[in-house]
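Peer 1: Below is one structure. I have some questions about it.
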Amino acid sequence: MAKALFLDRDGVINIDRGYVYRIDDFEFLPGIFAFCRSAMINGYRIVVVTNQSGIGRGYYSEDDFLRLTHWMKGVFAENDVALDHVYYCPHHPSHARGHYQVDCQCRKPKPGMLNRAVEELGLDASRCLMVGDSQTDIEAAQAAGIRAIKVECNQADYLALSSLLF
């Protein structure tokens, strides 16, 4: 079975500016592309798992998120990184509106997005790795049986992670 590198988005792939949904506000963290290329060379598929309650809160639409995601995937491709999939949770149990106000299984720290990816992509959870910047990322990975590393990302972190993990 395949293995994957799971990445949170805000704070791991890009600078977390809170509810980022516009291309102009999206700034990639230094070292992310080299880190992902290193993972790919070592047989990892690259998968993004991200809570996006800004959708449910009405700060931006799913179309806004999908537009940014399409652009982000294109920039990864330009940097020789294939993102296999981007999973997102638009829900929040108390601060969302309408049908988005749900205590779902996909919102981290619950493992729904990770479990779904393992099933849909035919992954071996025990061979996967999650890199996140929050405790909810770590808890979701652990609940899914995936090894996890919590980081405050900068280029030095990615260089160190690449040499330690791959």
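Peer 1: What's the number of the condition GLY145 fails, among (1) more than 18 Å from ALA34 (Cβ to Cβ); (2) open to solvent by less than 30 Å² (accessible area, probe 1.4 Å)?
Peer 2: Exception for GLY145: condition (2).
Peer 1: Now, a different point. Please go through the stretch 61-115 and pick out each residue that is of a type in the set (Ser, Thr, Tyr), open to solvent by less than 60 Å² (accessible area, probe 1.4 Å) and farther than 18 Å from LEU129 by Cα.
Peer 2: Within the stretch 61-115, SER61, THR69, TYR100 qualify.
Peer 1: Still on this structure: Output the number of residues of the stretch 11-26 satisfying the condition of being modelled with pLDDT of 95 or more and among the acidic types (Asp, Glu).
Peer 2: Adding up the residues that qualify gives 2.
Peer 1: On to the next question. Here is a list of conditions, (1) in contact with a Ser or Thr (Cβ under 7 Å, 6 or more places away or on another chain); (2) at negative phi, and ALA77 meets all of them except one; can you say which number that is?
Peer 2: If we test ALA77 against (1) in contact with a Ser or Thr (Cβ under 7 Å, 6 or more places away or on another chain); (2) at negative phi, just (1) comes out false.
Peer 1: If you don't mind, there's one more thing I want to ask. Checking ARG45 against (1) modelled with pLDDT of 95 or more; (2) more than 14 Å from the chain's Cα centre (by Cα); (3) not aliphatic (A, V, I, L, M): exactly one of these is not met. Which one?
Peer 2: Result: ARG45 fails condition (2) only.
Peer 1: Which is out of contact with any helix residue (DSSP H, G or I) (no Cβ under 6 Å at 6 or more places or on another chain) and farther than 25 Å from ILE15 by Cβ, of GLN135, GLN142?
Peer 2: Details: GLN135 fails: farther than 25 Å from ILE15 by Cβ.
Only one candidate passes the filter, namely GLN142.
The values are calculated or read from the model by the stated rules, or taken from the named source; none is laboratory data. Not measured: the values here are computed from a predicted model. Neighbour counts run over all protein chains shown; Cβ positions are idealised from the backbone, glycine included. Ligands, DNA and RNA are stripped out before the accessible areas are found, and what is left, the full protein with its side chains, is counted by its heavy atoms. Shrake-Rupley method; radii C 1.70, N 1.55, O 1.52, S 1.80 Å.
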